[in-house]
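Note sheet for the following structure.
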Amino acid sequence: MENVLLLLKQNLIMFLYMMIGYLLYKGKIITKTGCGELGKMLLYLVMPVAIMKSYIQDYTKELAVGLAVSFVAALLSLILSMAVSTLVFGKTDSVRQFGVSFSNAGFMALPLVQMTLGDGAVFYVASYVALLNFLQWTYGILVMTKDKSCIKPKKIITNPVLIAFVLGLLLFVLPIKLPAPIMGMISTIASMNGPIAMIVLGCYLAQMPFVKLLTDKMTYLSVVVRLIAIPFLTLLGLWLVPVEYHTVRMAVLIAAAAPVGCNTAIFAGIYGCDTQAAVKDVCLSTLLSIGSMPLMLALAELIW
């Protein structure tokens, strides 16, 4: 129950960061262009550095086994998410199919895992984030465009999150020690992930009239599937993971219980899909996840 209360506390802190972004946008201190630039900084610098930092620790057999378990658990969780999303939205709405498949694991779950379970747990959730990004640039693009030719190997290989994941694994496996000034810089940049991500979400929220946010039935459906159905099914699946990997289970569950990912709006804009629907789903699911994520963790503590 301690983890549940801690996650609720951290969610409230993240909500306050989001409100800062909301007020900054409404006060015209951050513009729509500025919000987009902050999002790019998150994608290309802050989140990759946060992932890489999680792997900068001494190699042990126990950590290596835990990493393998987290990788398999993350892959199965994402396959489950994509299957449920396809079942519900596959024939009607490509934006919702994408958004419900892929949670906001990088921008929201990553810092929440760090704040709730500690730096060591980020080591496990990073697998989820890397796999999610790979699947977004392959399966996700196919969902959005229905065109296999839009999947470009160069974009996959040069994805900053995947590059950071590979570099992090090398730093974990090889006996490489980074100089103290570089480690200090990495730690500082990594700590920016949560606050900046939520400020960007606040800017998105400020651009969406509340009437539109609360009157779309499809948005409510996507939120229920993303925040309730998928995390609950993931919770049941993670029950099969041995109890000694409890931290792995909790980290993957937090990632699976996160709201609709910000990349849904980004990809929708790139490929000419319904960006308004994407923004509505991102904003409403983010607001409601403040309560739903601790609820899922409480249920997990009860069942596990």
Across 20 Å bins from 0, what is the distribution of all Cα-Cα pair distances for the chain, in whole percents?
36, 60, 5
In the chain the cysteines whose Cβ sits 4.7 Å or more from every other Cys Cβ are CYS150, CYS262, CYS273, CYS283
Any idea of LYS212's accessible area? Nearest 10 Å², probe 1.4 Å.
90
FRET efficiency, LEU302 to ILE13 (Cβ-Cβ, R0 30 Å, nearest 0.05)
0.75
Given a 1.4 Å probe and the protein chains all in place, what does the accessible area of VAL243 round to, in Å² to the nearest 10?
100
Accessible area per residue of the chain at 1.4 Å probe, in Å²?
43
Given axes a ≥ b ≥ c from the Cα gyration tensor, I'd like to know whether segment 78-203 is rounded (a/c under 1.5), prolate (a/b larger than b/c) or oblate.
prolate
Can you give the accessible area of LYS61 in Å² (nearest 10), computed on protein heavy atoms with a 1.4 Å probe?
150
Heavy atoms only, 1.4 Å probe, whole protein assembly: order ASP119, ASP216 by accessible area, highest first.
ASP119, ASP216
Sort VAL200, VAL88 by accessible area with a 1.4 Å probe, largest first.
VAL88, VAL200
Using only the Cα atoms of segment 233-304, build the gyration tensor, take square roots of its eigenvalues as a ≥ b ≥ c, and label the shape rounded, prolate or oblate: rounded if a/c is under 1.5, else prolate if a/b is larger than b/c, else oblate.
prolate
For segment 185-291, which whole-number percentage of the solvent-accessible area (1.4 Å probe, protein heavy atoms only) is attributable to carbon and sulfur atoms?
73
Label ILE157 and LEU221 with points 7 Å out from Cα along Cα→Cβ: what is the distance between them in nm?
4.1
Please give the FRET efficiency for GLU2 paired with MET185, using the beta carbon to beta carbon distance and R0 = 35 Å, rounded to the nearest 0.05.
0.60
Work out the length of the dipole vector of the chain about its Cα centre, built from +1 on the beta-carbon of each Lys and Arg and -1 on the beta-carbon of each Asp and Glu, and round it to the nearest 20 debye.
800
For an R0 of 45 angstrom, estimate the FRET efficiency from the Cβ-Cβ distance between LYS32 and LYS61 and round to the nearest 0.05.
0.35
In what order, largest first, do ILE228, ILE30 sit by accessible area if the probe radius is 1.4 Å?
ILE228, ILE30
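The values are calculated or read from the model by the stated rules, or taken from the named source; none is laboratory data. Bear in mind the structure is a predicted one, so any value in this text is a computation, not a measurement. Don't worry about glycine lacking a Cβ; one is built from the backbone with ideal geometry, like all the others, and counts go over all protein chains shown. Heavy atoms of the whole protein, side chains included, go into the accessibility calculation; ligands, DNA and RNA do not. Shrake-Rupley method; radii C 1.70, N 1.55, O 1.52, S 1.80 Å.
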